[in-house]
1. Hey, can you tell me all the residues within the range B:47-106 that are within 14 Å of chain A (Cβ to nearest Cβ) and touching a Gly at 6+ places or on another chain (Cβ under 7 Å)?
2. Suppose we filter the range A:95-133 for residues that are charged (D, E, K, R) and away from ligand 1 (no atom under 16 Å from the Cβ); how many remain?
3. Output the residue which, of all residues in the range A:157-187 that are polar (S, T, N, Q) and within 16 Å of ligand 2 (Cβ to nearest atom), is farthest from the other protein chains (Cβ to nearest Cβ).
4. So A:CYS136 fits all but one of (1) facing chain B (nearest Cβ under 10 Å); (2) over 18 Å from A:ALA317 (Cβ atoms); (3) within 15 Å of ligand 1 (Cβ to nearest atom); (4) surrounded by 18 or more Cβ atoms within 10 Å (Cβ to Cβ); what number is the exception?
5. Filter the range A:445-497 down to the residues that are part of a strand (DSSP E or B) and of a type outside the set (Asp, Glu) and list them by number.
6. Tell me whether the range B:62-80 contains one or more residues that are in the same structural domain as B:SER218 (by TED's automatic domain parsing) and within 16 Å of ligand 3 (Cβ to nearest atom).
7. Filter the range A:432-444 down to the residues that are modelled with pLDDT of 90 or more and not in a loop (DSSP other than H, G, I, E, B), then identify the one that is nearest to A:TYR408 (Cα to Cα).
Amino acid sequence: MLKQLDQSIRMVNHYINQQWLTVKKSVITSSKRIQSLTKQGPTLVKESNAKKSLIAKQTDKVKTTLKQLEAIEDTYLLLDGLLVTHEQLGILKKQRPDLNQVIDIRALPAITKTRGFMQCARCLNTDRALFLPFPCGKCHKTDWYCLNCLKYGRLASCQTLFHLTIQHHQTKPLQTGFQFTSTLTPHQERASDQLVNAIQTNERHLLIHAVCGAGKTEMLFRGINQALLTGKRVCVATPRQDVIKELLPRFQAVFTDVPIICQYGGSDDNHKRAWLTLCTTHQLIRYKLAFDVLIIDEVDAFPYHNDQHLIKQAARALKDTGTFIYLSATPRPALVKKRYPTCFVPVRYHGHPLPVPRPYFTSFKHTPLPKNVREAITNERENNRQLLIFVATIKQAEALLPHVQAAYPTLTIEAVHARSEKRKALIDEFRLRTIDILITTTILERGVTFPSVDVFVLQADHDVFDEAALVQIAGRAGRSKDDPTGSVQFYFETYTKAIRKSIKSINKMNVLGERL
Amino acid sequence: MKCLICLTDMNQAISWQSLGKRQRYGYCADCEPKLKLITGPVCPDCGRHVSTGAMCHDCKERRGKSLSYNRSLYHYDGASKALLTLCKYRYHYHALTPLKREINQGFLQHYGKLKQATLVPVPVSTKRMEERLFNQAALIASLINRPALSLLDKHHTGKQALKTRQERLDLANPFYLTEGKSLPKGPIVLIDDVYTTGTTIHHAANVLKTAGISEIYSFTLAR
Ligand SMILES: [Zn+2]
Ligand SMILES: [Zn+2]
Ligand SMILES: [Zn+2]
Ligand SMILES: [Zn+2]
């Protein structure tokens with residue numbers, strides 16, 4: 001079966017190549033003819049109207065062939081590097097009957113089994129518990145299907161995964177309509193230059209280690225522009241949906257001529273492709289050898305560091321000649337050990353040092369809102385900042401809310417977590433300052449920026465608050481130029497390694513920042 | 001064990017009782033579908049919940065019944081629809097497996113007295129089988145502790161869910177007997193995932209009746 005498929009694919013490939021060449025040839029010859037005709041034009045046209053119509057005909061022909069070329073360009077954007085199931089391929093073929101003629105379809109067995117080990121070709125999962133057996137009604141034996149990536153379309157062991165590629169694509173420069181006028185700080189400038197350089201020289205890896213609030217996004221624009229100008233395809237992947245939605249308008253304002261698509265679970269753009277893709281790291285599962293530049297934001301964050309498959313999927317989505325850019329405020333030791341070329345930005349864009357967390361031993365045995373926390377809230381109310389209170393679990397957030405509301409009846413206090421229905425609305429309201437105190441789980445740990453907040457972490461000794469999480473949380477304070485300081489307080493029963501290390505690392509950054 | 005829906009790890013409490021019969025498939029507390037069992041009086045023919053226990057309008061209208069009666073386990077509402085979609089259209093074979101005990105109990109409650117019954121799953125067309133690689137009715141039949149026999153085949157007619165009620169009623173009988181199978185002696189219980197208009201099950205029952213089966217019942221997961 002596979003052999004047959006392979007053969008037919010080879011035939012299709014051959015056919016495409018020929019098609020491509022004929023299209024190209026006909027464009028060249030007809031444009032040459034037009035040139036020659038128009039040169040003679042002024043004298044000839046008067047003599048004969050027939051010639052005139054001939055010119056028109058030729059122009060039309062060129063136009064249609066140009067259209068064909070554009071269609072190939074579109075197809076490239078739409079399909080190159082896509083991984084699809086049998087069923088998805090069927091849908092694509094229905095939409096585009098000429099599919100076989102424009103693309104190269106490679107078949108990969110969906111689940112490979114070697115010496116009892118199974119691997120899913122799409123999500124690269126190897127966990128045996130995630131492969132479920134079932135009696136296949138087509139081949140009448142026991143097949144397996146991968147539960148890990150079921151939501152992207154079921155893959156069973158007797159099925160194939162198809163990798164779509166277009167070989168005869170010529171990169172052409174792209175008009176980007178680059179509108180970026182803000183001035184960068186010297187640190188941002190240095191990082192930006194290094195990024196441009198890495199992309200120009202096709203470097204494989206670059207780690208940008210920048211503190212929270214260093215202005216990472218601004219550092220990216222020039223590099224991305226450089227890539228797009230040379231016809232490279234760029235993808236910016238971040239772990240959180242909220243962040244993607246925030247980034248989109250900023251990118252649209254800078255790259256005014258580039259269509260940008262935004263992919264996350266449940267977005268409308270999932271079937272579209274463009275030169276510039278913003279997506280969640282999970283969406284990279286759809287691609288193989290698709291991008292020239294892949295920028296991965298918050299490499300240290302959940303779910304990226306938690307799921308080894310996501311790292312492999314990201315690596316697969318990048319072309320062999322592509323450039324990997326990692327962004328992180330708190331790179332994990334495993335990444336640091338790889339010793340990739342690193343660009344270090346230890347200073348925030350406004351030049352002020354990071355607020356250093358203050359640790360407080362506090363017992364939460366009797367109440368979710370101990371007396372010293374309440375006093376601290378009362379004290380901080382005087383400085384006119386909003387307050388973000390981080391807790392470890394949804395349960396804790398819900399338990400704490402009535403206590404805080406009872407203690408401050410005049411203030412607007414809300415709680416937000418992954419399962420709250422008004423999640424987005426509450427975050428927007430907090431940004432508009434109509435909420436005074438927001439109790440949150442780690443969902444607001446990164447990416448989102450509020451101009452002027454104080455940050456408390458209750459039960460900071462909980463497992464979910466690892467070093468990276470605490471550094472990120474502390475990084476929510478003092479983000480704006482107008483209010484570059486902010487109070488960060490950790491409350492806990494045991495002084496964990498994570499708390500100690502997070503404070504140490506923030507202090508270290510501040511020392512490094514001063515030296516520069 | 002992982003939750004079949006959200007894939008989170010579920011730590012099973014290991015006790016002496018649970019050691020022998022550890023389940024492989026389950027839902028976590030958050031994903032546990034909130035299925036509602038059909039209880040109380042039902043229409044004697046189609047098994048739909050009717051507060052008076054009288055025959056419903058649809059069943060009164062129906063002519064030429066080959067089916068003795070239908071019984072169903074759950075109400076066909078948001079929860080059961082979502083679960084069946086996961087199974088039938090996202091092709092999650094094991095989406096229903098954790099319901100094995102409840103399905104068995106439900107079956108015995110209605111058909112426990114039919115000791116010699118043979119289960120006949122309502123078939124899917126070859127085309128559908130090629131996409132799905134399994135028949136959800138056969139899957140449900142496999143969860144019931146009775147012998148199952150695939151006696152029927154089906155011509156391809158397109159997606160049921162996309163058709164209007166009238167279109168479905170108008171369709172000619174898409175079922176036919178599988179060649180080379182000998183008919184079982186006792187009663188037959190047709191098995192399907194859902195009974196909506198009943199057209200599908202009545203078509204299947206008609207074919208079996210014509211073939212000479214006298215006692216035909218049906219059991220579906222939802223109604
Ligand atoms: Zn998989
Ligand atoms: Zn199979
Ligand atoms: Zn679950
Ligand atoms: Zn009825």
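The values are calculated or read from the model by the stated rules, or taken from the named source; none is laboratory data. These numbers come from a predicted model, not from an experiment. With ideal geometry, Cβ positions are generated from the backbone for all residues, glycine too; neighbour counts draw on all protein chains shown.
1. Listed by number, the list holds a single entry, B:PRO98.
2. Count: 5.
3. Taking the range A:157-187 as the starting set, the residues that turn out to be polar (S, T, N, Q) are A:157, A:159-160, A:165, A:167, A:170-171, A:175-176, A:179, A:181-183, A:185.
From what is left, the residues that are within 16 Å of ligand 2 (Cβ to nearest atom) are A:157, A:159-160.
On the way: A:SER157: 10, A:GLN159: 8, A:THR160: 13 Å.
Selected residue: A:THR160.
4. (3)
5. Across the range A:445-497, the qualifying residues are A:VAL453, A:VAL455, A:PHE456, A:VAL457, A:LEU458, A:VAL488, A:GLN489, A:PHE490, A:TYR491, A:PHE492.
6. Yes, the range B:62-80 has at least one match.
7. A:ILE437
Here is a yes/no grid of residues against (1) more than 16 Å from ligand 4 (Cβ to nearest atom); (2) over 30 Å from A:ALA214 (Cα atoms); (3) touching a residue at least 40 places away in the same chain (Cβ under 8 Å):
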residue	(1), (2), (3)
A:GLN88	yes, yes, yes
A:PRO97	yes, yes, no
A:GLN101	yes, yes, yes
A:LEU108	yes, yes, yes
A:PRO133	yes, yes, no
A:GLY137	yes, yes, no
A:THR160	yes, yes, yes
A:PHE178	yes, no, yes
